[in-house]
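I have placed the structure first, in the form of structure tokens, so that the comments after it can refer back to it.
Rule-based calculations on the coordinates, nothing more; no lab input. Not measured: the values here are computed from a predicted model. Neighbour counts run over all protein chains shown; Cβ positions are idealised from the backbone, glycine included.
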């Protein structure tokens, strides 16, 4: 069977978007769902503060990369900040899927685009993950083309959207040092440092705390403790002491098992050429995996599928010999995944009474 083309993967993404929007709109006004979803309100509050350059009473802890993008495009006539947020998220989602096609091939790109409810929700309801993933995957593509400075710039920009992109910068630096390309290492490090300094400068000027957001995370998410703990500690504690519906527990366990299985499969002989040829990507995946399973927060389990988004294509690539290469399966995942992701965004408890 021939592999799906880029156009077919893009069409699948469009089908997924249409199904998602139709299902959400059937049960609830779509824009009301956008307003209440995830961290959208926080990103929009930060975007308004950036647009007016007035940070009085701003307490947003989330990193502001997406908010800067919303503020940047706010000059477009007739578009509200909420609409701009949706357009950025959707456009970055499609770009990410097409970048995944270039990096890992059609089947992995197709499954990556359709199988994670959190990815679909943040693609079509708004969120930072699509922009983060688009910049991150673009950085990987630049690395493969030996455009190291651009790779570092993109990774640095990704890190102001979601800070874990710093692992990509670390991987770039380590590989350049290993290859003894010290000039490129210094240029890439300098580019990343400049972008980081420009991002932190407003916090120092207006909040008198360059690490304002880190301290906000420490207080609210880490309960004033360290960001990292023992492997699986926070995940295990959350499962033991927080009662959740059985379906939710099984879903989280399934995602944890999938990511762990993918990581273990990276050690198989058939995957070693990928590790050798694309060492920066592997190092990023290794660092990210280590963080994900040592993250010392109650959100480590509750938001695991969202946090795991950048690892999904790596897990799929490692498990590729067992991946169904069938259009029937791929289209089924597209339809079922989009509908269930929409129902999950609304809340299954709200959907079931409406069906009766």
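Rule-of-thumb check for the stretch 146-220: C-alpha Rg over 2.2 N^0.38 Å? Don't skip to the end; give the middle numbers.
Details: Rg = 13.8 Å, N = 75, 2.2 N^0.38 = 11.3 Å.
Normalised Rg, Cα atoms only: 1.22.
Find the relative contact order for the stretch 226-323 and round it to a whole percent, using C-alpha pairs within less than 8 Å whose residues are 6+ positions apart. Mind showing how you got there, number by number?
Working: 76 pairs, mean separation 50.0, N = 98.
Once divided by the residue count of the stretch 226-323, the mean separation gives 51 percent.
Let me understand the stretch 110-237 better: what is its radius of gyration from the alpha carbons, and its Dmax, in angstrom?
Just the Cα atoms of the stretch 110-237 yield Rg and Dmax of 16.9, 46 Å.
State, to one decimal in nm, how far the label point of residue 257 lies from the label point of residue 218, with both points 7 Å from Cα in the Cβ direction.
3.9 nm
Could you line up 14, 256 from fewest to most neighbouring Cβ atoms inside 10 Å?
Details: 14 11, 256 19.
With the fewest neighbours first, 14, 256 line up as 14, 256.
Give the value in nm², to one decimal: projected area of the alpha carbon convex hull of the stretch 107-150, averaged over all directions.
Details: hull surface 14.2 nm².
The directionally averaged projection comes out at 3.5 nm².
Taking 0.36 nm per residue of separation and subtracting the Cα-Cα distance, what length does fully extending residue 182 through residue 41 add?
Details: separation 141, 0.36 × 141 = 50.76 nm, distance 4.32 nm.
That works out to 46.4 nm of additional length.
Grab every C-alpha pair in the stretch 226-323, bin the distances at 10 angstrom width from 0 up to the longest one, and report whole percents.
Result, from short to long distances: 15, 46, 28, 10, 1 percent.
Please give the calculated 222 nm ellipticity per residue for the chain, where each DSSP H segment of at least 4 residues contributes -39500 (n - 2.57) and the sum is spread over every residue; nearest 500 deg cm²/dmol? Walk me through the numbers before you get to the answer.
Working: 21 runs with 259 residues, N = 356.
Calculated mean residue ellipticity at 222 nm is -22500 deg cm²/dmol.
Note down the nm distance, to one decimal, between modelled labels 7 Å out along Cα→Cβ at residue 275 and at residue 232.
Modelled inter-label distance: 2.0 nm.
Apply the a/c threshold of 1.5 to the C-alpha gyration tensor of the stretch 158-303 and tell me whether it is rounded, prolate or oblate.
Numbers: a/c = 3.00, a/b = 1.14, b/c = 2.63.
In terms of gyration-tensor shape, oblate.
What is the fewest-to-most order of 184, 325 by other Cβ atoms lying within 10 Å of their Cβ? Let's see the in-between values first.
Numbers: 184 18, 325 14.
Fewest to most other Cβ atoms nearby, the residues stand as 325, 184.
Report the Stokes-Einstein translational diffusion coefficient (µm² s⁻¹, integer) for the stretch 1-68, Rh taken as the Kirkwood radius over Cα pairs, at 4 °C with viscosity 1.567 mPa s. The partial results should precede the final answer.
Details: Rh = 14.9 Å.
For these conditions, the coefficient is 87 µm²/s.
Ranking 264, 125, 292 by Cβ neighbours within 10 Å, fewest first, what do you get?
On the way: 264 12, 125 26, 292 19.
Final ranking by Cβ density, sparse to dense: 264, 292, 125.
Report the gain in length on full extension from residue 205 to residue 76: 0.36 nm times residue separation, minus Cα-Cα distance, nm rounded to one decimal.
Values: separation 129, 0.36 × 129 = 46.44 nm, distance 2.85 nm.
Here the answer is 43.6 nm.
Give the distance, in whole Å, between the Cα centre of the stretch 261-293 and the Cα centre of the stretch 154-177.
That distance is 16 Å.
Which FRET efficiency, nearest 0.05, do residue 335 and residue 87 yield, Cβ-Cβ r, R0 30 Å?
Details: r = 24 Å, r/R0 = 0.81.
Efficiency computed from Cβ-Cβ geometry: 0.75.
Over the Cα atoms of the chain, each weighted equally, I'd like the Debye log10 I(q)/I(0) at q = 0.08, 0.11, 0.12 Å⁻¹, rounded to two decimals.
-0.40, -0.78, -0.95
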